[in-house]
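The values are calculated or read from the model by the stated rules, or taken from the named source; none is laboratory data. This structure is a prediction, so every number in the text was calculated from the model and none was measured. When we count neighbours, we look across all protein chains shown, and the Cβ atoms used for this are built from the backbone with ideal geometry, even at glycine.
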Amino acid sequence: MAARTSGSPARATVVTGAAGFLGSHLVDALLADRWEVLAIDDLSTGRRANLGSASRNSRFRFARSDLVRLRQLPAARRYFHLASPASPPAYLRDPIGTLAVNSTGTSRVLEAARRHDARVLLASTSEVYGDPEVHPQAESYWGHVNPNGPRSCYDEGKRFAEALAAAYRRTYGLDVRIARIFNTYGPRMAPDDGRVISNFIVQALRGDPFTLYGRGTQTRSFCYVDDLVRGIRALMEAPRTVPTPMNLGNPQEITVRQAAEAIARAMGVRPRFAFRPLPEDDPRQRCPDISAARRYLGWAPRVPLNDGLTETVEYFRTLVGRRGRAT
């Protein structure tokens with residue numbers, strides 16, 4: 001049975017993966033801008049609690065559905081396709097499901113947008129660049145990805161989703177935008193999602209040493225979630241001629257060890273480290289070239305790392321306080 005929206009079709013939007021960390025923040029921003037929102041999520045990695053404030057809004061509807069098996073999506077003016085496991089533990093637990101949602105699930109969303117003459121945004125990832133040989137990474141770089149490694153279900157799944165979106169754009173003239181999202185952090189991250197920021201905060205709250213892979217010299221760039229949502233929405237509402245794909249992330253590059261030290265300062269603890277071997281295909285460098293976003297969207301991150309960490313640490317203190325040390 002097809003899920004349904006309510007209210008004015010002119011202000012209707014569908015968000016897949018809506019109960020996830022990023023999706024839930026996007027839902028809140030859309031509701032604040034008076035959109036009618038249908039949130040779709042199978043809750044395999046998302047949490048219904050992330051949509052707590054949205055659930056009290058009369059313009060919000062939630063459908064617990066597996067996008068791969070959903071027969072038909074409802075009419076809308078905007079489709080934001082964020083459905084996919086995004087953290088290594090999640091996609092490594094379910095590699096086939098990850099590939100399915102990025103192939104069949106993406107096809108479902110693109111077909112709905114074509115059927116209803118709507119605009120669609122695909123949430124892709126910096127992982128399409130793999131372990132890059134070009135630095136920083138610009139959209140013109142084709143990437144360096146292992147198609148058969150353990151991370152390929154996500155890396156190649158997103159590369160296929162991009163190829164499918166581009167094919168719909170060329171074949172049908174579909175108005176599709178592709179956001180290549182770099183490391184993002186903030187409240188509502190899952191404590192067990194295996195990401196750098198959440199790992200370090202939870203370890204500090206437990207009194208455990210920070211786990212560093214290799215020597216912690218690999219680099220990342222961290223964008224606060226409010227900035228990222230603002231970038232996604234700017235890309236969706238930009239003129240149709242805007243280039244795509246487009247990088248969205250923070251160009252301020254730091255090592256993973258520096259990130260751990262920044263978190264230790266924010267939490268008032270002394271950093272201790274436990275060193276582990278580098279995971280297979282772990283990228284050594286990750287930093288976006290956001291020249292296109294600056295030029296075409298007038299977008300760049302605004303929230304300094306220290307400010308974003310303060311908000312994120314407070315969220316995790318509250319979360320761990322509710323759940324106890326078992327978190």
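General observations
- Hey, Glu311 free of Cβ contacts under 8 Å to residues at least 60 places away in the same chain, surrounded by fewer than 19 Cβ atoms within 10 Å (Cβ to Cβ) and of a type in the set (Asp, Glu) or not: no
- Check on Gln203, touching a Ser or Thr at 6+ places or on another chain (Cβ under 9 Å), assigned by TED's automatic domain parsing to the domain that holds Arg272 and among the polar types (S, T, N, Q): yes
- For region 200-218, filtering for residues that are under 24 Å from Arg180 (Cβ atoms) and either free of Cβ contacts under 8 Å to residues at least 40 places away in the same chain or buried (at least 18 other Cβ atoms within 10 Å of the Cβ) (or both) leaves 1.
- Within region 109-120, considering residues that are buried (at least 20 other Cβ atoms within 10 Å of the Cβ) and without any contact (Cβ under 8 Å) to a residue 60 or more places away in the chain, the one farthest from Gly157 (Cα to Cα): Ala118
- Considering (1) within 14 Å of Ala293 (Cβ to Cβ); (2) surrounded by fewer than 19 Cβ atoms within 10 Å (Cβ to Cβ), the lone condition that Asn247 does not fulfil carries the number (2).
- Filter result for Ala161 (assigned by TED's automatic domain parsing to the domain that holds Ser87, in contact (Cβ under 8 Å) with a residue 12 or more places away in the chain and among the aliphatic types (A, V, I, L, M)): yes
- Highlighted here are the helices (runs of 4 or more DSSP H) found entirely within region 75-116 that include at least 3 residues which are under 15 Å from Gly17 (Cα atoms): 95-100, 106-115.
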